[in-house]
Every structure is written in C-alpha cells, then in structure tokens.
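Down below is the structure, laid out as structure tokens.
The values are calculated or read from the model by the stated rules, or taken from the named source; none is laboratory data. If you're wondering where the values come from, they're calculated on a predicted model, not measured in any experiment. Glycine gets a Cβ as well: all are built from the backbone with ideal geometry, and neighbour counts include every protein chain shown. These area figures cover heavy atoms from the full protein model, side chains too; ligands, DNA and RNA do not enter into them. Shrake-Rupley method; radii C 1.70, N 1.55, O 1.52, S 1.80 Å.
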Amino acid sequence: MTVEELAPESRPHLLRGVKLKNDQVRKTWVLLAPERYLRLNAISVDILQRCDGAAALSTIVDDLAEKYSADRTMIERDVRSLLNSLLEKRMLGL
C-alpha cells in the first residue's frame, strides 16, 4: 500500500526499531533504523513527530497547514511524499 492509497483516517507510525532522534553532536534531527541513518530537515521532523499511530493522516495535514499558514493541498502532497518514501524504505507503518 502506498500513501496515495491511504484513507484520511489512516494513522501512520514509525515501525519498531525506527527512532526519531535529535543528534546533539551534529546538531540535527535524524531518523535511525537498523543499518540506516537519515538526516532530516525541520519540516520532516514536524511531520514525523505527529506520526504516533494516534493521529490520523487528515489531522496531521490539517495541523501542519494551520501551523505554517500554507495551502492544505500543498501540505498534503508534501506529507504524502515523505511518508511514501519512508514506506518504501520500510521505516513507516500504517
């Protein structure tokens, strides 16, 4: 399943063993998984902090659109793009 196929009620979450960490040494946020290390930008961190398995995809998009005073359609496209990438890397669950 890809993010494009998700219903607005879907509740994305990081898979077991995948951790969102603030790397104090490098002064950046990273996503850690077995044999993987992804450096994240601030918006990616904002999205992933909301992917707790409790928040619905539609709620995540609404929150970010409000926070950034941005077009909801654009925010949804960006959120789906990031989540789809993490699904392909097997770092995200639905």
In order through the range 31-48: 3J(HN,Hα) via Karplus (6.51 cos²θ - 1.76 cosθ + 1.60), integer Hz, x for Gly, Pro | 10, 10, 8, x, 6, 9, 8, 10, 7, 10, 8, 4, 5, 4, 4, 4, 5, 5
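Equivalent ellipsoid semi-axes for the range 8-50, as square roots of 5 times the alpha carbon gyration tensor eigenvalues: give them largest first, rounded to whole Å.
Numbers: eigenvalues 78, 38, 10 Å².
So the equivalent ellipsoid measures 20, 14, 7 Å along its semi-axes.
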For the chain, what are the per-bin percents of Cα-Cα distances with bins 5 Å wide, up to the bin holding the maximum?
-> 3, 13, 27, 25, 19, 10, 3, 1
Heavy-atom accessible area per residue - the chain, 1.4 Å, Å² = 63
The answer for residue 28, listing residues at least 5 apart or on another chain whose modeled amide H is closer than 5 Å to its amide H, is 23
Theoretical ellipticity at 222 nm over the chain - DSSP helices of four or more residues, -39500 (n - 2.57) apiece, nearest 500 | -12500 deg cm²/dmol
What residue among 91, 81, 56 has its Cα farthest toward the positive end of the dipole of the chain, where the charges are +1 on Lys, Arg and -1 on Asp, Glu, each on the Cβ?
-> 91
One checks the Cα atoms of the range 20-73 and finds Rg and Dmax, in Å, of 12.9, 37
Using +1 on the beta carbon of Lys and Arg, -1 on that of Asp and Glu, and nothing else charged, what's the dipole of the chain about the Cα centre, debye to 20?
-> 580
Across the range 78-94, in residue order, what do the Karplus-derived ³J(HN,Hα) couplings come to in whole Hz, using 6.51 cos²θ - 1.76 cosθ + 1.60 with θ = phi - 60° and x for Gly and Pro?
-> 5, 4, 4, 4, 5, 5, 4, 4, 6, 4, 4, 7, 6, 10, 10, x, 10
Low-density loop GluC sites (Glu not before Pro), the range 1-91, at most 11 other Cβ within 10 Å, DSSP non-H/G/I/E/B, are 9, 35
